[in-house]
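Trainee: Would you mind keeping the following structure in view while I ask a few things?
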Amino acid sequence: MENNHKKPKPHAIAICYPLQGHVIPFVNLALKLASSGFTITFVNTHSIHHQITKAQSNGDEDDIFAGARKAGLDIRYATVSDGLPLNFDRSLNHDQFMECLLHVFSAHVDELVGNLIQLNPEMNCLVTDTFFVWSSMIAKKYNLVNISFWTEPALVITLYYHMDLLRSHGHFASTDNREDTIDYIPGVRAIERKDLMSYLQATDTSTVVHRIIQKAFEDVKRVDFILCNTVHELESETISALHQKQPTYAIGPIFPAGFTKSLVPTSLWSESECTQWLNTKPRGSVLYVSFGSYAHASKNDIVEIALGLLLSEVSFVWVLRPDIVSSDETDFLPVGFEEKIKISGRGLIVPWCSQIDVISHSAIGGFLTHCGWNSIQESIWCSVPLLCFPLLTDQFTNRKLVVDDWKIGLNLCDQKKSSITKEEVSEKINSLMSGKSSAELRKNIKEVRKKLENALSADGSSQKNFNQFINDVQFLTPKKCGSATSSHALLP
Ligand code: UDP
């Protein structure tokens, strides 16, 4: 006999933060939720959507989730304005972009969510990036279960979460400039001020990013669930302390299935092919160099890194975004550098690549990185040790985890110095790629890799946490829907 009381599926609106390092894990989370029975309506800004479709070689696919739907997942796609015209240079005019995300974006989101719910009254969950400042307002207005997705380590969300403590102790936004060890944050045994996120070390705390952080981390205290792209075994005390405040689930690392290119395009720039060049190099001999999608480096540092690479005599693939120094400063390499590496065949410079394809190639033996959290997790997954050159935001805190706590990477330069030299770049590259320190790092990273692998296995911590989260959402959703409108579908 047919059961007329089939369980309705949870339907989440997932609104993605409009930056590359957030789009990638957010898409992977959406795929994971859809694979677990959610219907997802994924929302990108017009600008991100435009960049992704422009970057694809077959740029005619307008719905980036078409491939995922063909594979049987129930993912729909919508776009929303961030408040700025498409051709506005968000990298060059960063603060204006952020002001829009702070003040204008929520009105566009509100309108979109209202329209979506009229068309799909069964929608019952909202999944947003923790950096958004309006999630609880939207969740409350439309009576949605509020799920916050944190794409960085638990240590970083914890420090933001307790900004008030840092302030009252004089370690943040204070004229005291206390430099002693911070040992009073729940779940964080000890951390030095130099290892805080750049925004918490800043002397000017009135910037637009500070205002966003202030608001976002007040807002996160009102969400129903926090999903964290980390692994319990790597940050157990921090996760446990946070969980005591709010339901928090370490479900990382959230990679595309099989650690191969996702069914869904996510790159904002077109990917240059590196595999053929890498195929010509011996195993573990090539250094991969990338500073991610967002941070800028000074021209001087780029020049010293270029000269240091030459001095080191190591082969390398260097992802050099054209705006790495600034959108209006495109001439930053030393004269003759590109010709030299071309003639010697020692280096490949590309504006962007498929990083997971490159880093998982057997020729790669080390990663000179800005310490973005996705890059760190990808590098661990491939057992590639790291040379750390943090530039901004959480990268300083991530460096501490990599170098000081897990001992899977080296510092590129003495942290107290403000600039780097080609000699130390060369020396550090050689220590990373070969010799005793290299062997030690490789041994350690294999152990950390094992923790990630175990966490993702069927009875591993991340998979169990994910299953628990699904159960807990299903428990909460009927209550939310019940008090909204009777036409909302109820979960069991
Ligand atoms: N990435 C890529 N190609 C590149 C450089 C980076 O696909 O040429 C991807 C990388 O695999 C990672 C993301 O972009 O998933 C960058 O995120 P991360 O957190 O490392 O740094 P962010 O860009 O946020 O600073």
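Each value in this text was obtained by applying a stated rule to the coordinates, not by laboratory testing. Every value quoted in this text rests on a predicted model; they were computed, and no experiment measured them. Note: ideal-geometry Cβ built from the backbone for every residue, glycine included; neighbour counts use all protein chains shown.
Trainee: Kindly work out what percent of the DSSP beta bridges joining two residues of the chain are antiparallel, to the nearest 5.
Mentor: So the antiparallel bridges in the chain amount to around 5 percent.
Trainee: Using only alpha carbon pairs under 8 Å that are at least six residues apart, calculate the relative contact order of segment 389-443 and give it in whole percent.
Mentor: 28
Trainee: Here's another thing I want to ask about it. What relative contact order, as a whole-number percentage, does the chain give when Cα pairs under 8 Å and 6 or more residues apart are counted?
Mentor: So the answer I get is 17 percent.
Trainee: Taking all pairs of different Cα atoms in the chain, averaging 1/r and flipping that mean, what Kirkwood radius in angstroms comes out?
Mentor: 23.5
Trainee: Hey, got the Cα dimensions of segment 144-207 along the principal axes, in Å, largest first?
Mentor: 42, 29, 18
Trainee: At 25 °C and 0.890 mPa s, grab the translational diffusion coefficient of segment 299-404 from Stokes-Einstein with a Kirkwood Rh over Cα pairs, rounded to a whole number in µm² per second.
Mentor: 166
Trainee: Here's another thing I want to ask about it. Could you state the orientation-averaged shadow area of the convex hull built on the Cα atoms of segment 65-123, in nm² to one decimal? Display every interim value, and only then the final one.
Mentor: Values: hull surface 22.1 nm².
If you wrap the Cα atoms of segment 65-123 in a convex hull and average its projections, you get 5.5 nm².
Trainee: List the residues, sorted by chain then number, that are 5 or more residues from residue 353 or on another chain and whose placed amide H is less than 5 Å from its amide H.
Mentor: 272
Trainee: Would you mind putting 151-160, 318-327 in packing order, based on average other-beta-carbon counts within 10 Å, highest first?
Mentor: 151-160, 318-327
Trainee: As an exercise, use a Förster radius of 30 Å and the Cβ-Cβ distance of residue 61 and residue 357 to find the FRET efficiency, rounded to the nearest 0.05.
Mentor: Here the calculated transfer efficiency is 0.90.
Trainee: With each pseudo-label sitting 7 Å past Cα toward Cβ, what's the residue 107-residue 36 distance in nm, one decimal?
Mentor: Here the answer is 3.7 nm between the modelled labels.
Trainee: Run the helix sum for the chain: -39,500 (n - 2.57) per DSSP H stretch of 4+ residues, divided by residue count, reported at 222 nm to the nearest 500 deg cm²/dmol. Please list the in-between numbers first.
Mentor: Working: 20 runs with 204 residues, N = 492.
My calculation for the chain gives -12500 deg cm²/dmol from helical runs alone.
Trainee: What is the antiparallel percent of DSSP beta bridges lying wholly in segment 118-255, to the nearest 5? Kindly include the intermediate steps, with their values, before the conclusion.
Mentor: Values: 1 of 13 bridges.
Expressed as a percentage, antiparallel bridges in segment 118-255 total about 10.
Trainee: Continuing with the same structure: Below 8 Å, C-alpha to C-alpha, sequence gap of six or more: please give me the relative contact order for segment 13-130 in percent.
Mentor: So the answer I get is 32 percent.
Trainee: For the residue pair residue 78 and residue 181, what label-to-label distance in nm results when each label sits 7 Å from Cα along the Cα-to-beta-carbon direction?
Mentor: Distance between label points: 5.0 nm.
Trainee: Can you say what percent of the DSSP beta bridges in segment 253-353, counting only those with both residues inside, are antiparallel? Round to 5.
Mentor: Taking every DSSP beta bridge with both residues in segment 253-353, the antiparallel ones total about 10 percent.
Trainee: What's the extension gain from residue 418 to residue 96 if we count 0.36 nm per residue and subtract their Cα-Cα distance?
Mentor: Taking 0.36 nm per residue and subtracting the Cα distance, the gain is 113.1 nm.
Trainee: Extending each Cα 7 Å along its Cβ direction at residue 167 and residue 193, get the distance between those two points in nm, one decimal.
Mentor: Each label point is offset 7 Å from its Cα along the Cβ direction, giving 1.7 nm.
Trainee: In addition: So how tilted is helix 299-312 from the main axis of the chain? Cα-based, degrees 0 to 90, rounded to 10.
Mentor: Taking Cα atoms only, the helix is inclined about 60 degrees.
Trainee: In degrees between 0 and 90, to the nearest 10, how far off the longest principal axis of the chain does helix 46-55 point, with axes built from Cα atoms?
Mentor: Here the helix axis deviates by roughly 50 degrees.
Trainee: Starting from the exponent 0.38 and prefactor 2.2 Å, build the expected Rg for segment 15-101 from its residue count and divide its actual Cα Rg by it.
Mentor: Working: Rg = 13.7 Å, N = 87, 2.2 N^0.38 = 12.0 Å.
So segment 15-101 has a normalised radius of gyration of 1.15.
Trainee: Moving to a separate point now. Between helix 461-482 and the chain, what is the angle of the helix's C-alpha long axis to the longest principal axis, kept within 0 to 90° and rounded to the nearest 10?
Mentor: 30
Trainee: Follow-up question, since we're still on this one. When ranked by the protection proxy of mean other Cβ atoms within 10 Å per residue, highest first, what sequence do the peptides 63-72, 199-208, 97-106, 222-231 form?
Mentor: 222-231, 97-106, 63-72, 199-208
Trainee: If R₀ is 45 angstrom, what is the calculated FRET efficiency for the pair residue 475 and residue 339, using the beta carbon separation as r and rounding to 0.05?
Mentor: Values: r = 63 Å, r/R0 = 1.41.
Efficiency for this residue pair is about 0.10.
Trainee: What are the extents of the Cα atoms of segment 97-143 along their three principal axes, listed from largest to smallest and rounded to whole Å?
Mentor: Cα extents, longest axis first: 32, 18, 14 Å.
Trainee: Take segment 104-222, drop everything but the C-alpha atoms, weight them equally and run the Debye formula without solvent; then report log10 I(q)/I(0) at 0.20, 0.22 Å⁻¹ to two decimals.
Mentor: -1.06, -1.21
Trainee: Related question: So which of 54/340; 32/464; 340/407 end up more than 24 Å apart, counting from Cα to Cα?
Mentor: Listed pairs above 24 Å: 54/340; 340/407.
Trainee: Over the Cα atoms of segment 343-474, what is the Rg over Rh ratio if Rh follows Kirkwood?
Mentor: Here the Rg-to-Rh quotient is 1.03.
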